[in-house]
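Below you'll find the structure, written out as structure tokens, and then a few comments.
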Amino acid sequence: PTRRLPIWIGRALILNSSDAALLAGRIKAQRDDCVVFAGWGGPNAVALLADLATAPLRLVLGSYGVCTASVTRAVPVASRGVFRCTSPVGDLDATAAGRTFVTAYQSSFGSPPDPLAAYGYEAMKLAIDTISGLGGRGDDKEAVRAALFAVRGRPSLLGVYGFGRDGGSTLR
């Protein structure tokens with residue numbers, strides 16, 4: 001049998017814990033199998049996750065914004081079996097380029113980098129490498145676009161990647 005997949009579109013910010021309880025109640029009443037929490041961490045995110053602990057869910061998937069140490073430590077033990085976090089970046093310490101980036105970042109800013117900083121770094125590095133690689137044609141937008149679409153097997157701190165014909169990254 002085909003099961004309908006409800007889509008929850010909520011406010012960008014849960015204003016108070018009663019809103020979290022109301023949302024959790026609606027999710028429980030629908031008997032959904034999975035919830036994707038794409039919000040930011042904080043007391044009300046913890047309240048929502050706590051309220052969902054008694055729901056018959058098979059998976060609660062948290063986005064980068066809720067997958068912080070303070071939130072994941074506060075997730076009730078009952079929810080830990082179904083709660084999974086997504087991270088935009090894998091283990092930066094797994095590659096030499098990643099370790100170099102982490103060391104340089106910590107040296108410059110005095111703290112470990114936010115994982116999204118790695119994406120910003122690689123995006124800028126790709127732009128600079130592409131433009132400088134074009135020499136005198138570096139100011140030609142079409143040449144830059146064509147050069148970016150031609151990227152294949154580029155080693156980076158994120159891993160080796162390129163771009164498909166549709167512009168999508170090959171990095172998974």
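With a Förster radius of 25 Å applied to the C-beta separation of Leu59 and Val160, the computed FRET efficiency comes to 0.25.
Computed over the stretch 23-121, the percent of Cα pairs more than 23 Å apart is 37. The DSSP beta bridges internal to the chain are antiparallel in roughly 20% of cases. This model, with +1 at the C-beta of Lys and Arg and -1 at the C-beta of Asp and Glu, gives the chain a dipole about its Cα centre of some 560 debye. Label-to-label distance for Ser132 and Trp40 is 3.5 nm, based on points extended 7 Å past Cα in the beta-carbon direction. Among complete DSSP H helices in the chain, those whose alpha-carbon atoms stretch at least 15 Å along the helix's long axis and whose mean Kyte-Doolittle hydropathy reaches 0.0 are 17-30, 96-109, 115-133. For a modelled paramagnetic label at Asp140, 7 Å from Cα along Cα-to-Cβ, the residues of the stretch 146-164 in reach, with backbone nitrogen under 14 Å, are 146-148. Expressed as a whole percent, the accessible surface of the chain that belongs to carbon and sulfur atoms is 60, based on a 1.4 Å probe. If R0 is 30 Å, the Cβ-Cβ spacing of Ala96 and Val151 corresponds to a FRET efficiency of close to 0.90. Per residue, the stretch 69-171 exposes an accessible area of 62 Å² to a 1.4 Å probe, with every protein chain left in place.
Coordinate range of the alpha-carbon atoms in the chain per principal axis, descending: 62, 44, 28 Å.
The values are calculated or read from the model by the stated rules, or taken from the named source; none is laboratory data. Keep in mind it's a predicted model, so treat the numbers as computed, not measured. Ideal geometry is used to build each Cβ from the backbone, glycine not excepted, and the neighbour counts take in all protein chains shown. Keep in mind that these areas ignore ligands, DNA and RNA; they rest on the heavy atoms of the full protein, side chains included. Shrake-Rupley method; radii C 1.70, N 1.55, O 1.52, S 1.80 Å.
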